[in-house]
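Novice: Structure provided below as structure tokens; questions to follow.
The values are calculated or read from the model by the stated rules, or taken from the named source; none is laboratory data. Just so it is clear, the structure is predicted and the values come from calculations on it, not from any experiment. Backbone-built Cβ (ideal geometry, glycine too); neighbour counts: all protein chains shown.
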Amino acid sequence: MTAKGVRAALRPSRLLIGALALAWAVPFLWMLVAAFRPERVGGAGMASLVPAYVPTLANFAEAWDSADFVVYYLNTIIICAGILAVQLVTISLAGYAFARLRFPGRTVFFYLFLVQLMLAPIVLLVPNLRTVAQLGLYDTLPGVMAPYFASAFGTFLMRQAFQTVPRELEDAALTDGARWWELIVHVYLPLTRPAMIAFAIVSVTAHWNEFLWPLMVINSPDRRPLTVGLAMFTLGAEGAQAWGVTAAGTLLVVAPLLIGFLMFQRRFVNSFMASGLK
Amino acid sequence: MAELVVQMAGAGVKRVRLSRRHARNLLGLASLGPSLVFLAAFTYWPTAQVIWQSLHAGSRRTGLSFGLENFQAIAADPAFRRALSNNMVYAAGTIAPSLVLALAFALTLVHSTRFNTLLRSVLFLPVLIPLVAAASLFLFIFLPGVGLLDYYLAKLGVQGANWLGDPDVALYSIIGLTIWKNAGYYMLFFLAGLQAIPPEAYEVALLDGANLWQRLRFVTLPYLRPTLAFVLVIGLLGVITQVDHIFILTKGGPSDSTNLLLFYIYQQAVERYDPGKAAAATVVMLALLLALTALSLRRLEHNVEGRE
Amino acid sequence: MNFAWAKYLRAAALAAGVLSAGSALGATDVDVFFPVPVDGQLARDMATLIKQFNAAHPDIKATPVYTGSYDETLIKTRSATQAGKPPAAVIMSANFLTDLVIEDEIIAFDDLIARDGAKNDQFMGQFFPALHGNAVIDRKVYGVPFQNSTPLLYYNADHFREAGLDPDRPPQTWDDLVLAAKKLTRREGDRVTRWGILMPSNYDYGGWILSALTMSNGGRYFNEEYGGEIYYDTPTTVGALTFWSDLVHKHKVHAAGEQKGPAVSTAFLAGQASMMLLSTGSLTHVRTNAKFPYKVAFAPKNVRNAVPIGGASLVQPRGLDEAKRAAGWTLIKWLTAPEQSGWWSRATGYFAPNMRAYKLPEMVEFMAKNPDAKIAVDQLAYAKPWFATYKTVAVRKAMEDELQAMLAGKKTPKEAAAAAQRAADEIMRPYVERTALKVPATN
């Protein structure tokens, strides 16, 4: 009864929120309408949200030609998959250490990890760039991936997840003669799959959208990820902008994320919520 | 763990226990090893480097000298002071409205009806796309004359401001974009927080005759305090470390009115070739981040440990 | 920076290794960095051009690398050089060469020109004289002009007729410009629906346009022979600033605040601006997309006709091994030959720096069909070098920040000029102190 009362009381504001949601959607609506609009540069009516035209794919064709989106997609996928693969290993190991093991300096290390939650690699842009160059990884995809291989956030997420695994299971496996890595692979990881998936979603989204770091590390256009490609594309015209083409190009970049989200809404939402609260 | 096994083993307890513990210590450190290597290489070693570099002024040609020159240089640089003050305005201007909006969204959409889920998704979409993609869209939205804002304002007979070209307005345009991008993200956390409030709390309040605002003030908000604190930390982290939109929309201009700390660092390091100043500004940024960590340590720990 | 030394050493080691292996491997791999400041289409045009080159030169494999704006291309070139992978050719903004020479980051072509059996003067003689100032520094050839522009006054012929102006008699002086702009500006109540004139004021464009106005006002803007002096706080520059400020605040025919290049051309093409002062480099784009008859004219003068050139030259960074250097030189000569120079000009709207390009039949035919392209070439008679100093980008931004503040009504022209001069002098101080102000000690 209380909940319903609250809801009823808030009904007038639902209209307001609905209007705000519509306002929130406007940039996407424009993107969709402009991408299919025939005039690539567009006159005064470029901003119109009303699709009073015959839709055309010309803008997409031009966007596709102007920038190597296939290569950008591949690079982004490689970067995200590569980072995630290594992260799953490092966070499982480190999460297990913090969850179940006692060792000297545990508290110190715990705080070291905690502090790293705040220190994203981009903050240390200049020295990290130098390190990457010294390792010979400048202008390579591994150079983009390397600073992210350790994840304090992932470590803590797995730690919490591992702590929920009943100790009896570990004991049983140990008495069966399991080694510690078999323990992790066969006991802990299968039981904490939701946490891993949550982490995977957050990690992939974060690195899919990463811009400044890859911009600094990558020079060759065939190693660019989508974000850098899109930025070059948008800023590519000094004389004038083909706004329809810009809209089409942006749509090409954001489509997979949006489609993925629409298909797996609940997973996405839960993952992002899990990323903060427990 | 060691104790359990030892209990079952019976005889030969002590030796087994010691060697097990020894092995477990090594194991613990070894498990942390890979992460520590990367943390050291890309967080701690660079931090040391940056601190060293900020305390040494000069260049290859003139030789390096130890001192606070770099810090003096940035303190004297109007662009740095402007970047700092801009960052503070940006922080206040983004976080406060985002939190209010996010809370309003969450309060209204807390029940998982189909309509609500749809609205929630719409509000969350901006969070998923790269900031550069959002900036590309807003480049057109803010375009003078032909752009979306000016176009629709013209229909209402209102002249739009020079959204990205007027030094008084540009930062607020950036703030607008950031609110659009992030409010949905904070909304999620508030939703989770709201759903965790026990209904009994509301019932008690109703029995005491509390009206809507009183329920909000005395039940909802106290329960949401941890969520609020957490979202605040995330928000502050974001305003310090995300400058992708500045790249696309303004490059710090017009007249430094949208220069932010991280962008200033990029400018000094990459455009002005002044590594000393870049390092000094980075140290300032690190100090801010560490202060943020210290202030929120308890909150972070709590979240990391898991709610008891 | 210590870091740079290590990189150069490593580059040298790499180079030594590559040199010995080079002939065994066959084709020399070279990267050419190019910015595309006009249109995404041009990135594809450049790819086509490079493909032709590779086909014609089987012993060289050139890879075009699109590196963003002129400013970004400079940054990328420096990063790549520091990382030991310098490109063999870079299309570098023409006004960066002075700074690059001072910092010893690019190498002269003199020895390569000599090897071909020519003299510097002979070699440069094929390019328009106005372009030499930004390419020949300390009498050495550091850059080979690739694409160049001058600022043009584009205007909407329909709007002119409608406002009672003669489209065949464009404004030639600043007075004419103000009068025309006043007649062309349209309002609906308080709201302006059409601006008489728009000029871009974003980073890089703003400084260029301002220098154009200053030169038209009789000024030099900078010391062409010494990279440590720039003339911001002088009557000619202050006059130019005042003119621009008045357009916005007094005559109200120009929008306030910073206007980005794309915004200006979009407004012009959408009919929301009747005139614009923009680079020749946008000519092809305007020609392709304008849905109304447009014309171009010289930039209006106040004291004299004088405009800066814009555009880019091909340079070679330091740190290349012999094989790459030679391969890059072959590419540079090919790209700036009359045929290619002309082709690129027709595709972009930039004019062809190589004078002989204008004698080729395709070019003659093109100019006959497109008289607007001819105006840009004719204005070359009045063209002067682009301003270039020590730390050009920073010195340029010092003025652009003040310009943007002035256009937003925050500073008067005199204040802006004085502040810009102070900031610029401060930036150039290290260079000035070790050159012009370095006088013998008294003891």
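Novice: Please go through (1) over 18 Å from residue C:193 (Cα atoms); (2) of a type in the set (Gly, Ala, Ser); (3) at pLDDT 85 or above for residue B:161 and return the number of the only condition it doesn't satisfy.
Specialist: Failed condition: (1).
Novice: Right, another one. Tell me, yes or no, whether segment A:99-112 has at least one residue that is out of contact with any His (no Cβ under 6 Å at 6 or more places or on another chain) and crowded, with 23+ Cβ neighbours inside 10 Å.
Specialist: Pass one, segment A:99-112, residues out of contact with any His (no Cβ under 6 Å at 6 or more places or on another chain): A:99-112.
Filter once more, so that each one left must be crowded, with 23+ Cβ neighbours inside 10 Å: none.
Within segment A:99-112 (the criterion being out of contact with any His (no Cβ under 6 Å at 6 or more places or on another chain) and crowded, with 23+ Cβ neighbours inside 10 Å), the answer is no, since none of the residues qualifies.
Novice: For the list (1) within 14 Å of chain A (Cβ to nearest Cβ); (2) within 19 Å of the chain's Cα centre (by Cα), I need the number of the one condition that residue C:336 fails.
Specialist: Going through (1) within 14 Å of chain A (Cβ to nearest Cβ); (2) within 19 Å of the chain's Cα centre (by Cα) one by one, residue C:336 breaks only (1).
Novice: Given the conditions (1) under 30 Å from residue A:148 (Cα atoms); (2) at the interface with chain A (Cβ under 9 Å from one of its Cβ atoms), report the number of the one that residue B:105 does not fulfil.
Specialist: (1)
Novice: Of the residues that make up segment A:143-154, is at least one free of Cβ contacts under 8 Å to residues at least 12 places away in the same chain and either in a helix (DSSP H, G or I) or touching a helix residue (DSSP H, G or I) at 6+ places or on another chain (Cβ under 7 Å) (or both)? Spell out the reasoning first.
Specialist: From segment A:143-154, those free of Cβ contacts under 8 Å to residues at least 12 places away in the same chain are none; that's our starting set.
No, that holds for no residue.
Novice: Now, a different point. Please specify each residue of segment B:184-224 satisfying the condition of being closer than 30 Å to residue B:247 by Cα and within 8 Å of chain A (Cβ to nearest Cβ).
Specialist: Taking segment B:184-224 first, the residues closer than 30 Å to residue B:247 by Cα are B:184-189.
The answer is B:184, B:185, B:188, B:189.
Novice: Could you figure out which of (1) buried (at least 18 other Cβ atoms within 10 Å of the Cβ); (2) facing another protein chain (nearest Cβ under 10 Å); (3) of a type outside the set (Val, Ile, Thr) isn't true of residue B:171?
Specialist: (2)
Novice: If you don't mind, another one. Give all pairs with beta carbons closer than 7 Å in which a residue from segment A:105-116 that is within 10 Å of residue B:39 (Cβ to Cβ) meets a residue that is in a helix (DSSP H, G or I); count only pairs at least 6 apart in sequence or on separate chains.
Specialist: A:109/B:32; A:112/B:39; A:113/A:152; A:113/A:155; A:115/B:293; A:116/A:152; A:116/B:39; A:116/B:43
Novice: For segment A:164-179, give me each residue that is out of contact with any Lys or Arg (no Cβ under 8 Å at 6 or more places or on another chain), surrounded by 15 or more Cβ atoms within 10 Å (Cβ to Cβ) and touching a residue at least 12 places away in the same chain (Cβ under 8 Å).
Specialist: Correct list: A:165, A:173.
Novice: Looking for whichever is out of contact with any Gly (no Cβ under 8 Å at 6 or more places or on another chain) and either at positive phi or at pLDDT 85 or above (or both) here; the options are A:258, A:183, A:230. Which one fits?
Specialist: Of A:258, A:183, A:230, the one residue that is out of contact with any Gly (no Cβ under 8 Å at 6 or more places or on another chain) and either at positive phi or at pLDDT 85 or above (or both) is A:258.
Novice: Then there is this: Go through A:195, A:99 for me and flag whichever is over 18 Å from residue B:28 (Cβ atoms) and small (Gly, Ala, Ser). Explain how you work it out, then say what you get.
Specialist: Numbers: A:99 fails: over 18 Å from residue B:28 (Cβ atoms).
Going through A:195, A:99 in turn, the sole match is A:195.
Novice: With the condition kept exactly as written, say whether any residue in segment A:142-154 is buried (at least 18 other Cβ atoms within 10 Å of the Cβ), at the interface with another protein chain (Cβ under 7 Å from one of its Cβ atoms) and under 24 Å from residue B:296 (Cα atoms).
Specialist: yes
Novice: Considering only residues that are hydrophobic (A, V, I, L, M, F, W, C), buried (at least 22 other Cβ atoms within 10 Å of the Cβ) and assigned to a helix (DSSP H, G or I), which ones fall in segment B:96-118?
Specialist: Going through segment B:96-118, the residues hydrophobic (A, V, I, L, M, F, W, C) turn out to be B:96, B:99-107, B:109-110, B:115, B:118.
Keeping just the survivors that are buried (at least 22 other Cβ atoms within 10 Å of the Cβ) gives B:102-103, B:105-106, B:109.
Result: B:102, B:103, B:105, B:106.
Novice: Is segment A:208-225 home to any residue that is in contact with a strand residue (DSSP E or B) (Cβ under 6 Å, 6 or more places away or on another chain), within 30 Å of residue A:258 (Cβ to Cβ), assigned to a helix (DSSP H, G or I) and in contact (Cβ under 8 Å) with a residue 40 or more places away in the chain?
Specialist: Within segment A:208-225, one or more residues are in contact with a strand residue (DSSP E or B) (Cβ under 6 Å, 6 or more places away or on another chain), within 30 Å of residue A:258 (Cβ to Cβ), assigned to a helix (DSSP H, G or I) and in contact (Cβ under 8 Å) with a residue 40 or more places away in the chain.
Conditions (1) over 19 Å from the mean Cα position of the chain (by Cα); (2) buried (at least 19 other Cβ atoms within 10 Å of the Cβ), marked per residue:
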{"site": "C:57", "(1), (2)": "yes, no"}
{"site": "C:87", "(1), (2)": "yes, yes"}
{"site": "C:101", "(1), (2)": "no, yes"}
{"site": "C:115", "(1), (2)": "yes, no"}
{"site": "C:128", "(1), (2)": "no, yes"}
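Novice: Which of the residues that make up segment B:129-153 are more than 7 Å from every other protein chain (Cβ to nearest Cβ), among the aliphatic types (A, V, I, L, M) and within 17 Å of residue C:263 (Cβ to Cβ)?
Specialist: If the condition is that a residue be more than 7 Å from every other protein chain (Cβ to nearest Cβ), among the aliphatic types (A, V, I, L, M) and within 17 Å of residue C:263 (Cβ to Cβ), then B:135, B:149, B:153 are the ones that fit.
Novice: Continuing with the same structure: Return yes or no: is residue A:220 more than 10 Å from chain B (Cβ to nearest Cβ), within 24 Å of residue C:82 (Cα to Cα) and among the hydroxyl-bearing types (Ser, Thr, Tyr)? Can you show your working first?
Specialist: Details: more than 10 Å from chain B (Cβ to nearest Cβ): yes; within 24 Å of residue C:82 (Cα to Cα): yes; among the hydroxyl-bearing types (Ser, Thr, Tyr): yes.
Here the answer is yes, as residue A:220 does meet what is asked.
Novice: So, one more: Quick check on this structure: which one of B:73, B:41, B:57, B:79 is touching a helix residue (DSSP H, G or I) at 6+ places or on another chain (Cβ under 7 Å) and not in a helix (DSSP H, G or I)?
Specialist: Details: B:73 fails: not in a helix (DSSP H, G or I); B:41 fails: not in a helix (DSSP H, G or I); B:79 fails: not in a helix (DSSP H, G or I).
The unique qualifying residue is B:57.
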